[in-house]
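Participant: Before anything else, here's the structure in question.
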Amino acid sequence: MSGPTVRAMTPGDCERVGEIRVRGWQWAYRGLVARSYLDGLDPAEDVERRRTMLAEAAPGVVNLVSADAAGTVTGWVCHGPYREGDTTTADAEVYALYVDPERAGTGIGRALLETSLSHCAAAGYPRALLWVLKGNTRARRFYTSAGFHADGTEEPFEVNGTAVPEVRYRRELTG
C-alpha cells in the first residue's frame, strides 16, 4: 500500500480543508481550549476563510493537501516565511498542519510535513519553525519524532479571549 499523494491545494479543496481544520481543532484541542468555543466552530465559515486565504496568499505561502487513492482530501499543510511581528525572516514557518481525525496516525501528517519541509529546503530556507499548543502532547511528540525540538520560546495564543500557551519548535533544513 502506498502513501498519500501530496499536491498543491486548489480552490476546489477548500470545502474539505475547512472541514478537516475544524474537526482537527475539535479533536486535537479538546481539553486545551474551551469546549464552548470548539463546539461553536463552523466548517462552512472556515471554508470561506480558506478560499480567501488561498486566493490572497502572500508571496512564498504554500498550501498543500494530501489525498487518498480515491482522490479524497485527507489533510492540509501550509507554510511560508516565518512571521516576526509585521515582518518576515529568512526562516520558514509551518503555519498549519491538520489531518482528518479519523485518519490520524496513518502517516498522512508525516507525508504532508516532509513534503512541506522539502519545499522549504528547495526554496532556500535554512530552518523551519512552528508553534504548537504547550498542552498538545500528541503534536509535540509528532514534531519531535520528525526532527524538531522546542527552542525555549513560549508565547500565549489567544483563543476566544483566553490565553493558551504555545511553544516554538525548530528544525534545521540545511547543513
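The values are calculated or read from the model by the stated rules, or taken from the named source; none is laboratory data. Computed from a predicted model, the values in this text were never measured in an experiment. Note that each Cβ is placed from the backbone with ideal geometry, even for glycine, and that neighbours are counted across all protein chains shown. All accessible areas refer to the heavy atoms of the entire protein, side chains included, with ligands and DNA or RNA removed. Shrake-Rupley method; radii C 1.70, N 1.55, O 1.52, S 1.80 Å.
Participant: Assuming R0 = 25 Å, can you tell me the calculated FRET efficiency for the pair residue 68 and residue 145, based on Cβ-Cβ distance, to the nearest 0.05?
Facilitator: Calculated value: 0.65.
Participant: Where a ≥ b ≥ c are the square roots of the eigenvalues of the C-alpha gyration tensor, would you call the stretch 69-131 rounded, which needs a/c under 1.5, or, failing that, prolate if a/b is larger than b/c, or oblate?
Facilitator: prolate
Participant: Can I ask one more? Just for the Cα atoms in the stretch 17-119, what are the lengths along the principal axes, largest first, rounded to whole Å?
Facilitator: Rounded to whole Å, the extents work out to 36, 34, 25 Å.
Participant: What does the helix-only formula give at 222 nm for the chain: each DSSP H stretch with n ≥ 4 adding -39500 (n - 2.57), the total divided by the residues, and the result rounded to the nearest 500 deg cm²/dmol?
Facilitator: Taken over the chain, the calculation gives -10000 deg cm²/dmol.
Participant: Going from most exposed to least, what order do 56, 102, 154 have by accessible area with a 1.4 Å probe?
Facilitator: 102, 56, 154
Participant: Would you mind giving the average projected area, over all directions, of the Cα convex hull of the stretch 105-175 in nm² with one decimal?
Facilitator: The orientation-averaged projected area of the Cα hull of the stretch 105-175 comes to 5.5 nm².
Participant: Still on this structure: Out of the total accessible area of the stretch 124-175 (probe 1.4 Å, heavy atoms of protein only), what percent is carbon and sulfur?
Facilitator: 47 percent
Participant: Here is a further query. Where in the chain are the DSSP H helices whose alpha-carbon span along the long axis reaches 15 Å or more and whose Kyte-Doolittle mean is at least 0.0?
Facilitator: 108-122
Participant: Still on this structure, please answer the following. Between the stretch 105-130 and the stretch 26-92, what is the separation of their alpha carbon centroids in Å?
Facilitator: 15 Å
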